[in-house]
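The values are calculated or read from the model by the stated rules, or taken from the named source; none is laboratory data. These figures come from a predicted structure and were not determined experimentally. Glycine also receives a Cβ, built like all others from the backbone with ideal geometry; neighbour counts cover every protein chain displayed. To get the accessible areas, we keep the full protein, side chains included, count just its heavy atoms, and leave off ligands, DNA and RNA. Shrake-Rupley method; radii C 1.70, N 1.55, O 1.52, S 1.80 Å.
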Amino acid sequence: MSAPPAMPPPPLAPRHWPTWLGIGVLALLARLPWPLQRACGTAMGQVLRVAVGSRRRIAERNIALCFPELDDAARAALLRRHFAALGIGVFEFTRAWWGSIEPLRRGLRVEGLEHLQQARAAGRGVIVVSGHFTTLEVCGRLMCDHLPLAGMYRPHAEPAMEWAVKRGRLRYAAAMFTKSELRPVVKHLKQGGLLWYAPDQDPSRGDAVYVPFFGRSAHSLTSTHQLARLSGAAVVAFGHERRTDGGYTLRLSPVFDGFPSDDATADTARIMAAIEAMARRAPEQYLWIHRRFKRQPDGLSPYA
């Protein structure tokens, strides 16, 4: 497996200075004691719940769509827990990129490593499929203690933030690929590499189909099917959660049997079902502030 390319020089033009100032503040916050970060994150989440009304309304609508069995009080409680998880997630992101995760290694549980190791022993690359959870960055970093994971991501629009975050991720990831770098990704997988990938958001570009997600039609990328077909890689699901005792659980599934098939829609439905199962295990930690159902077969958005 080839080494990741060297980072280019950071963008230091005056127009980037405000962003660098913000990055400096985040890097300082990343060094606060972990118990204090959790307390601050919980409080920050409740401030965000009140202050960011548009995202709160999206989360409320998603929870209503996905959990119709809950009454109003239970949905409101889940919404509060979700924003608390978001606030803690802000500190987890900064700590993963620029801080120490030593306190977070305590009480860590890792399940299912043998499934991935079996695929690697057979000489196959592995696509490690996850979803957009508040814990995704810190749990990805924790998993890198055990596996040489590469990541696939959408670049940040601000060059200074993109440089700082990518440099932070390359402290622990084997490589980072943008979503447009298909050939390097396929090469990485063909060479036996591991690729973390989260295909669960409503895409604006790329080959997508409608498959069930929490009992509703969700516009979903077929990219896991396509990558597995092009590279011959195995696919495993990577679930992760922040436990109520303050520890983390990382969970790898058995290799998806018969994947990819000849049916991209069926394969994509299997991937979304696996991510739904992860979200049901820790519903407050899924990213409900994303408009997951904004595109519908009838053209009518449930967020209108």
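In the range 225-253, which residue that is polar (S, T, N, Q) and under 28 Å from Leu104 (Cβ atoms) is least open to solvent (accessible area, probe 1.4 Å)?
Step one: filter the range 225-253 for residues polar (S, T, N, Q), giving 226, 231, 244, 249, 253.
Okay, now just the ones that are also under 28 Å from Leu104 (Cβ atoms), so 244, 249, 253.
Values: Thr244: 149, Thr249: 4, Ser253: 29 Å².
Checked the range 225-253; the qualifying residue least open to solvent (accessible area, probe 1.4 Å) is Thr249.
Return the residues of the range 131-151 that are closer than 24 Å to Arg281 by Cα and of a type in the set (A, V, I, L, M, F, W, C); say none if nothing qualifies. Lay out the reasoning, then the answer.
To start, the set of residues in the range 131-151 that are closer than 24 Å to Arg281 by Cα comprises 131-147, 149, 151.
Residues satisfying the conditions are Phe133, Leu136, Val138, Cys139, Leu142, Met143, Cys144, Leu147, Leu149.
With the condition kept exactly as written, say whether any residue in the range 166-188 is in a helix (DSSP H, G or I), open to solvent by 10 Å² or more (accessible area, probe 1.4 Å) and touching a helix residue (DSSP H, G or I) at 6+ places or on another chain (Cβ under 7 Å).
Yes, some residue in the range 166-188 is in a helix (DSSP H, G or I), open to solvent by 10 Å² or more (accessible area, probe 1.4 Å) and touching a helix residue (DSSP H, G or I) at 6+ places or on another chain (Cβ under 7 Å).
Taking the range 92-114, which residues are in a helix (DSSP H, G or I) and either polar (S, T, N, Q) or within 15 Å of Cys139 (Cα to Cα) (or both)? If you could, list the steps in order and put the result at the bottom.
Applying the first criterion (in a helix (DSSP H, G or I)) to the range 92-114 yields 92-98, 102-105, 113-114.
Listed by number, the residues that qualify are Glu92, Phe93, Thr94, Arg95, Ala96, Trp97, Trp98, Glu102, Pro103, Leu104, Arg105, Leu113.
Quick one: would you say Arg120 is under 18 Å from Leu227 (Cβ atoms), assigned to a helix (DSSP H, G or I) and open to solvent by 10 Å² or more (accessible area, probe 1.4 Å)? Even if it seems obvious, please write down each step before you answer.
Working: under 18 Å from Leu227 (Cβ atoms): yes; assigned to a helix (DSSP H, G or I): yes; open to solvent by 10 Å² or more (accessible area, probe 1.4 Å): yes.
It is true that Arg120 is under 18 Å from Leu227 (Cβ atoms), assigned to a helix (DSSP H, G or I) and open to solvent by 10 Å² or more (accessible area, probe 1.4 Å).
Going through Glu92, Glu102, Glu69, Glu60 one at a time, which residue ends up being closer than 23 Å to Met161 by Cβ and either open to solvent by less than 40 Å² (accessible area, probe 1.4 Å) or without any contact (Cβ under 8 Å) to a residue 40 or more places away in the chain (or both)?
Numbers: Glu102 fails: closer than 23 Å to Met161 by Cβ; Glu69 fails: closer than 23 Å to Met161 by Cβ; Glu60 fails: closer than 23 Å to Met161 by Cβ.
Only one candidate qualifies: Glu92.
Cβ-Cβ below 7 Å, separation at least six or inter-chain, first residue in the range 109-136 and farther than 27 Å from Ala85 by Cβ, second assigned to a helix (DSSP H, G or I) and at pLDDT below 95: which pairs?
Every condition considered, the pairs that remain are Val126/Leu116; Val126/Ala119; Val126/Arg120.
Give me the pairs: first residue in the range 276-289 and in contact (Cβ under 8 Å) with a residue 12 or more places away in the chain, second residue surrounded by fewer than 17 Cβ atoms within 10 Å (Cβ to Cβ) and of a type in the set (D, E, K, R), beta-carbon distance under 7 Å, and six or more apart or on different chains, which are they?
Within 7 Å, the pairs are Glu284/Arg81.
May I ask you to list the residues in the range 26-73 that are small (Gly, Ala, Ser) and within 19 Å of Phe93 (Cα to Cα)?
Correct list: Ala27, Ala30, Ala39, Gly41, Ala43, Gly45.
Asp257 - would you say it is out of contact with any His (no Cβ under 8 Å at 6 or more places or on another chain), more than 21 Å from His115 (Cα to Cα) and open to solvent by 40 Å² or more (accessible area, probe 1.4 Å)?
On the way: out of contact with any His (no Cβ under 8 Å at 6 or more places or on another chain): yes; more than 21 Å from His115 (Cα to Cα): no; open to solvent by 40 Å² or more (accessible area, probe 1.4 Å): yes.
Here the answer is no, as Asp257 does not meet what is asked.
Restrict the check to the range 153-163 and report whether at least one residue is under 22 Å from Ala233 (Cα atoms), modelled with pLDDT under 95 and open to solvent by 30 Å² or more (accessible area, probe 1.4 Å). Explain how you work it out, then say what you get.
First, pick out the residues of the range 153-163 that are under 22 Å from Ala233 (Cα atoms): 153-154.
Now restrict to residues that are modelled with pLDDT under 95: 153-154.
Restricting the remaining residues to those that are open to solvent by 30 Å² or more (accessible area, probe 1.4 Å) gives 154.
Yes - at least one qualifying residue is present in the range 153-163.
Suppose we filter the range 1-57 for residues that are open to solvent by less than 60 Å² (accessible area, probe 1.4 Å) and of a type in the set (Ser, Thr, Tyr); how many remain?
2
Any idea which of (1) buried (at least 21 other Cβ atoms within 10 Å of the Cβ); (2) part of a helix (DSSP H, G or I) is the one Val128 doesn't satisfy?
(2)
Listed residues Ala282, Ala266, Ala274; which is surrounded by 14 or more Cβ atoms within 10 Å (Cβ to Cβ), of a type outside the set (D, E, K, R), modelled with pLDDT of 95 or more and farther than 23 Å from Glu137 by Cα?
Details: Ala282 fails: farther than 23 Å from Glu137 by Cα; Ala274 fails: farther than 23 Å from Glu137 by Cα.
Unique residue meeting the criteria: Ala266.
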